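Okay, structure first, notes after.
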Amino acid sequence: MPLLYTIGKLTVAPAMRLAFRPTVEGLEHVPETGGAIFAGNHLSVADELFLGTVVPRHLAFWAKSEYFKGTGLKGRFSKFVLTGLGAIPVERAGGRAALTAFDAAIPALKGGELVAVYPEGTRSPDGRLYRGRTGAVRLAVAAGVPIIPVGMIGTEKVQPIGTRIPRPGAAKITVRFGKPLDFTGRSDDRASLRAMTDEVMSEIQKLTGQEYVPRYAPPRAHPAPVVDTPE
């Protein structure tokens, strides 16, 4: 576990539990060892905080590559924090550059690490669950690891879009883990990837009860630091 992540587990995680008292369901589906991908709905920046708080193992999140390349004091601090947390840089521009994230994630997953992604690709603008992009299942098939569906409830009220810090008492937080989805041996052709992604989103919807929207979420002018794997 990266040093800064370890420090966070010893300090930030207990504080989050004390301040917000999140309810956790299905923790038995989180593997004690071995690689896996956590694929969840995305309501708030706080999703990463709560997910990292309740999962006992290290979770590597995807982060925009720009956050690793900033200049000045703020840029250096951002790079220090993300590197210390074990985040994986990803190019949002797409193409071959975006696939470098896969190059970093596949060996980590095969080596027994956990990676968290948000198939919607951005935070939901209205609390509904939007169509998932295929990057998560493509990664799962390539690495030969299961996908664990994750449902976050209440985070959009605790830290709405545009606010800087979570607000204790604003809502009850619930984190639900579904049964692992094993896509081992499945084809990685476009139609199969789409079908598997729809299956993942269906399982997430069952955990959250959100209204499902069968189209991609509209892009935000200022996207969250953590992003989905490339389409």
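On the chain, 59 percent of the accessible area sits on carbon and sulfur atoms, based on a 1.4 Å probe.
How much net charge surrounds G178 when only the other residues with a Cβ under 13 Å from the Cβ of G178 are counted, with Lys and Arg +1 and Asp and Glu -1? With Lys, Arg at +1 and Asp, Glu at -1, the neighbours total -2. Using the Cα gyration tensor of region 34-167, with a ≥ b ≥ c the square roots of its eigenvalues, what is the shape: rounded (a/c below 1.5), prolate (a/b larger than b/c) or oblate (neither)? Rounded. Once both labels are positioned 7 Å from their Cα atoms along Cα-to-Cβ, the gap between A104 and E66 label points is 1.6 nm. For region 14-87, the list of trypsin sites (Lys or Arg not before Pro) that fall in a loop by DSSP and count at most 12 other C-beta atoms within 10 angstrom reads K69. Between I173 and T23, the built amide H atoms are under 5 Å apart, and every one of these is 5 or more places off in sequence or on another chain.
Rounded to the nearest whole Hz, the Karplus-based 3J(HN,Hα) values (6.51 cos²θ - 1.76 cosθ + 1.60, θ = phi - 60°) of region 174-191 follow the sequence 10, 10, 10, 10, x, 5, x, 9, 9, 9, 4, x, 6, 5, 9, 6, 4, 5, with x at glycine and proline. Per-residue ellipticity at 222 nm computed for the chain from its helices equals -11000 deg cm²/dmol, with DSSP H segments shorter than 4 residues left out and the rest contributing -39,500 (n - 2.57). Under a 5 Å amide H cut-off, with hydrogens placed 1.01 Å from N, G26 pairs with F177 among residues at least 5 apart or on other chains.
For region 4-83, the Kirkwood radius over C-alpha pairs fed into Stokes-Einstein at 20 °C and 1.002 mPa s yields D = 149 µm² per second. Taking a quarter of the surface of the Cα convex hull of region 96-193 gives a mean projected area of 8.0 nm².
Tally Lys and Arg at +1 and Asp and Glu at -1 over the other residues with C-beta under 12 Å from the C-beta of V213: what net charge comes out? Residues close to V213 contribute a combined charge of 0. Using a simple spin-label model with pseudo-atoms 7 Å out from Cα toward Cβ, E199 and T184 lie 1.4 nm apart.
Dividing the mean sequence gap of close Cα pairs (under 8 Å, 6+ apart) by how many residues the chain holds gives a relative contact order of 30 percent. The count of lysine pairs in the chain whose Cα atoms are under 14 Å apart, excluding pairs fewer than 8 places apart on the same chain, comes to 4.
The values are calculated or read from the model by the stated rules, or taken from the named source; none is laboratory data. Keep in mind it's a predicted model, so treat the numbers as computed, not measured. Cβ atoms come from the backbone with ideal geometry, glycine included; neighbour counts cover every protein chain shown. Protein only, heavy atoms only, side chains kept; ligands, DNA and RNA dropped before computing areas. Shrake-Rupley method; radii C 1.70, N 1.55, O 1.52, S 1.80 Å.
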